[in-house]
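Worksheet: the structure to be examined is printed underneath.
Every read-out reported here was derived from the displayed coordinates using simple, explicitly stated rules and does not represent laboratory data. This structure is a prediction, so every number in the text was calculated from the model and none was measured. So basically every Cβ, Gly included, is an ideal-geometry build from the backbone, and we count neighbours across all protein chains shown.
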Amino acid sequence: MNTKNPSSPFKINDCVRVKDKTTFTTESGSTIDLSGWQGWITELYPSDEGKPTVLVHWDAATLKDMPLWWIQDATCDGDSFIEFGIYEREIEKAQPRGTQREAEKVDKRHNKIYGFLDLGEEGERITTVLETTTKFTEEGFFDAWHQHLRANLQVPFESTVEEVQERGAIRAGHKIIVTGIQGGEDLYGILIKGRWKNENVVFPLCDLKATDKKSPNYQLTSDYAVWFANRG
């Protein structure tokens, strides 16, 4: 990390604001107006052809107001939407609008919510569910899924066990008739209640998918399983 540049008017941890009428055009051809975006300098880069640049970590206010398409483009390209490299001539020093700690909290929230956008339409559906919570913890996200699934799953429906089971009589490939949602559990997530053969069972939804791939239930159970396996 470069912490100083003798010829630069800026230094690490300076709070800066993007000057008015500053725009950026992505590789896909979309243009965004960065005017007023604000954050802290985290790195200074040597001058390249007379155009010194800095890396800015955006503050909480900027992150909260950031357009979804910008977050999606950055995520799909494997880039960070949390920080941005910008020419020194395009920024000016500013008064902080919050603390770096507050920005870090928003970073974590955004990563948990928007980290699935590189999955395309599936990622957009997952993000839509996660955005409904105001409690950005695993418990809050499980509550969001619980409400979403309870409101949208059409029960009863036949499901197939997709994951290898280490215990019990139920195995991968077996069919369970889902009759409702039982609740949640720390280790296995959302639990369904259903029928297997002639028995009443409670089973982790993350290990199931609706058998009928053309039904809305298939998409719902698949989206949840993808989120559960990759929630981080």
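Using a cutoff of 8 angstrom between alpha carbon atoms and counting only pairs six or more residues apart, the relative contact order for segment 1-123 works out to 25 percent.
How high is the FRET efficiency from Thr211 to Glu139, r the C-beta distance, R0 30 Å, rounded to 0.05? Taking R0 as 30 Å, the efficiency between Thr211 and Glu139 is 0.50. Our summary gives the chain a relative contact order of 12 percent, counting only alpha carbon pairs under 8 angstrom and 6 or more residues apart.
Here the gap between Thr128 and Ser80, fully extended at 0.36 nm per residue and compared with their Cα-Cα distance, gives a gain of 15.3 nm. Each label was represented as a point 7 Å from its Cα along the Cα-to-Cβ direction; for Asp65 and Glu104 these points are 2.5 nm apart. A Förster radius of 45 Å, combined with the Cβ-Cβ distance separating Arg150 from Ala94, puts the computed FRET efficiency at roughly 0.50. With just the Cα atoms defining each centre, how far is segment 33-89 from segment 143-183? Give it in Å. Cα centroid to Cα centroid, the span is 42 Å. Calculated [222 nm] ellipticity per residue, helices only, for the chain: -9500 deg cm²/dmol; basis is -39500 (n - 2.57) per DSSP H run with n ≥ 4, divided by all residues, nearest 500.
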